[in-house]
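Colleague: Handing you this structure, nothing more for now.
Read-outs throughout are calculated quantities, based only on the coordinates presented, and are distinct from any laboratory measurement. As the structure is a prediction and not an experimental result, all values here were calculated from the model. Note that we place each Cβ from the backbone using ideal geometry, even for glycine, and neighbour counts take in every protein chain shown.
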Amino acid sequence: MSIIPKPVIFFASIVLLLLTACQHEITPQKLYGEWKYIKLENPGDNPPSTEPDWKLKLEHPSIVFTKNNELAIWWDGKILTHGTFRVDAKNIRYKEVLPNGQTHEFPFYVSKLTDNEIVFETLGTDGSRVTAIKQ
């Protein structure tokens, strides 16, 4: 015998199902295109800091995902970094090509992805959190 009435269990199950279904899965197709940075935070700074809006508007930072799974981060009209990417569950795995030709792979943890907005971050003391909108 259950202490929780069946209608309550049914309702809770429906709510849980809806919440689970609303989780957006990351696919390369959802990432393709240019995403303009609208907010850049450095939560690991002491104290935490945010890049000023005027600087973001002036220097036009963005991240570009192409259909051949290449990624480039642009800042002030120049490529800041480039490489390739792949999707791993809720993360973007970025393999950066370093100036000496070697590569370095690390994750971008994606906390939000809609058709027109993405929030992703790197962790650690020098980590940053980016909010960007699709162009």
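Colleague: Please report the base-10 log of the normalised intensity I(q)/I(0) for the stretch 26-134, using a Debye sum with one equal scatterer per alpha carbon and no solvent, at each q in 0.23 (1/Å).
Modeller: Each listed q maps to, in turn, -1.48.
Colleague: Find, among the trypsin sites (Lys or Arg not before Pro) in the stretch 24-100, those assigned to loop by DSSP (not H, G, I, E, B) with at most 12 other beta-carbon atoms within 10 angstrom. Spell out each step's value before the answer.
Modeller: Details: sites: LYS30, LYS36, LYS39, LYS55, LYS57, LYS67, LYS78, ARG86, LYS90, ARG93, LYS95; in loops: LYS67, LYS90.
Hits after loop and neighbour filter: LYS67.
Colleague: Another one. Take the alpha carbon atoms of the stretch 52-84, find their center, do the same for the stretch 90-135, and report the distance between the two centers in whole angstrom.
Modeller: 11 Å
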